[in-house]
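All remarks here apply to the structure that follows.
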Amino acid sequence: MQIDTHEPPLSAPLKLAFDYTRSVGPLLGKFFTALRERRIVGVRGSDGRVHVPPPEFDPVTWERLTEIVPVASVGTVMSWTWQPEPLEGQPLARPFAWALILLDGADTPLLHAVDAGGSDAITTGTRVHAHWVDEPVGAITDIAYFALGDDAEDVPPPPEGLDPVTMLVVPTSIEIQHTASLPESTFLRALQQGKLLGARTGEDGKVYFPPKEANPATGLELDNYVELPDKGTVTTFAIINIPFAGQRIKPPYVAAYVLLDGADIPFLHLVTEIDPSEVRMGMRVQAVWKPKEEWGLGIDNIDYFKPTGEPDAEYDTYKHHL
């Protein structure tokens, strides 16, 4: 297949995001439960030092720590750095300082934001106090930021009847400018035209789909593009029965590795229009494409694969591609 090698590689912003959920355990649970009540606590180590935030294990003896110690919401800036252009998701939308703050009653500093008003208003030794959010939930962000001054804020009594904090959900994301390699760009441009391109070295090498920069077995360039049909064989598969956050398909459904005819590497996609219990290794399937006006630069131009009704492929035809 003829490929225009002079086309520039594709480039686009890529944002990866997910909610990281974890159990906090008994010690951190007390720390986050206290934050929900607009209080700050630490834990005492074997050497007498009070650690804030509380580690679960003693940094000296490595034994589990248990002695909870209340500390003040007022403290001293030990060191700091200025954030002149805040980023999305940071504590303040205006310039602020990141500071290590030694709270009164603690022996280790806490990292948090300080709303100083200007970089000339904060120094090592500046006294600051916690400014709380209006509706704390049991997270470090219940402290909106630290403000200048050593007078603690008046806080209302904590609500009654709430269960201790046992789980923490942290939204996590990273955004980068992703530039595709030349083989990847060629592959994606072909998808936009409804074509499936694999690549191999020379005329008789293994056909990789999607194409890579080089043959992983030999290191040689994959310089020969091959247009593949949209039919193939299920090699292995999994039936997804458990729901999870962000899931776009209602379970149960099948995620299967499909070996396209003429390819040597299977790729992962959905198989539907069949009861999940009837999907099997060797089953012949064909791509179901989205309407052409919805095609973009992605493998999701194929909505899913469905059975062709053909007899199953013999095991010997795909056993080396599992």
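The values are calculated or read from the model by the stated rules, or taken from the named source; none is laboratory data. Nothing here was measured: the structure is a model prediction, and the numbers come from that model. Methodologically, a virtual Cβ is constructed for each residue, glycine included, from the backbone with ideal geometry; neighbour enumeration extends over all protein chains shown. We work out accessible area using only protein heavy atoms, side chains counted, and drop any ligands, DNA or RNA first. Shrake-Rupley method; radii C 1.70, N 1.55, O 1.52, S 1.80 Å.
Is there a residue being of a type outside the set (D, E), buried (at least 16 other Cβ atoms within 10 Å of the Cβ), in contact with a His (Cβ under 6 Å, 6 or more places away or on another chain) and in contact (Cβ under 8 Å) with a residue 24 or more places away in the chain anywhere in region 109-117? Step through it out loud before you land on a result.
Filtering region 109-117 for residues of a type outside the set (D, E) gives 109-114, 116-117.
Then drop every residue that is not buried (at least 16 other Cβ atoms within 10 Å of the Cβ), which leaves 109-110, 112-114, 116.
Keeping just the survivors that are in contact with a His (Cβ under 6 Å, 6 or more places away or on another chain) gives none.
No, region 109-117 contains no residue that is of a type outside the set (D, E), buried (at least 16 other Cβ atoms within 10 Å of the Cβ), in contact with a His (Cβ under 6 Å, 6 or more places away or on another chain) and in contact (Cβ under 8 Å) with a residue 24 or more places away in the chain.
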*asked:* Condition first: in contact (Cβ under 8 Å) with a residue 24 or more places away in the chain, more than 21 Å from S173 (Cβ to Cβ) and not in a loop (DSSP other than H, G, I, E, B). Now tell me which residues in region 8-30 satisfy that.
replied: S23, G25, L27, L28, G29, K30
*Spot the failing condition for E293; the list is (1) part of a loop (DSSP other than H, G, I, E, B); (2) free of Cβ contacts under 8 Å to residues at least 24 places away in the same chain; (3) within 24 Å of Q192 (Cβ to Cβ), and only one is missed.*
(1)
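Regarding G105, is this residue closer than 19 Å to G42 by Cβ, touching a residue at least 24 places away in the same chain (Cβ under 8 Å) and either open to solvent by 10 Å² or more (accessible area, probe 1.4 Å) or not charged (D, E, K, R) (or both)?
Details: closer than 19 Å to G42 by Cβ: yes; touching a residue at least 24 places away in the same chain (Cβ under 8 Å): yes; either open to solvent by 10 Å² or more (accessible area, probe 1.4 Å) or not charged (D, E, K, R) (or both): yes.
The answer is yes for G105.
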*Find the residue count for region 206-223, including only residues that are more than 13 Å from I265 (Cα to Cα) and either open to solvent by less than 30 Å² (accessible area, probe 1.4 Å) or in the same structural domain as L268 (by the TED database) (or both).*
1
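Return yes when T61 is among the polar types (S, T, N, Q), touching a Leu at 6+ places or on another chain (Cβ under 8 Å) and farther than 22 Å from W132 by Cα and no when it is not.
Numbers: among the polar types (S, T, N, Q): yes; touching a Leu at 6+ places or on another chain (Cβ under 8 Å): no; farther than 22 Å from W132 by Cα: yes.
The answer is no for T61.
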_I'd like to know if region 133-150 contains one or more residues that are aliphatic (A, V, I, L, M), in the same structural domain as G29 (by the TED database), farther than 20 Å from V41 by Cβ and not in a strand (DSSP E or B)._
no
*asked:* Taking the criterion of being assigned to a loop (DSSP other than H, G, I, E, B) and open to solvent by 80 Å² or more (accessible area, probe 1.4 Å), would at least one residue in region 197-205 satisfy it?
replied: yes
*more than 27 Å from the chain's Cα centre (by Cα) and modelled with pLDDT under 95 - does that describe any residue in region 17-35?*
no
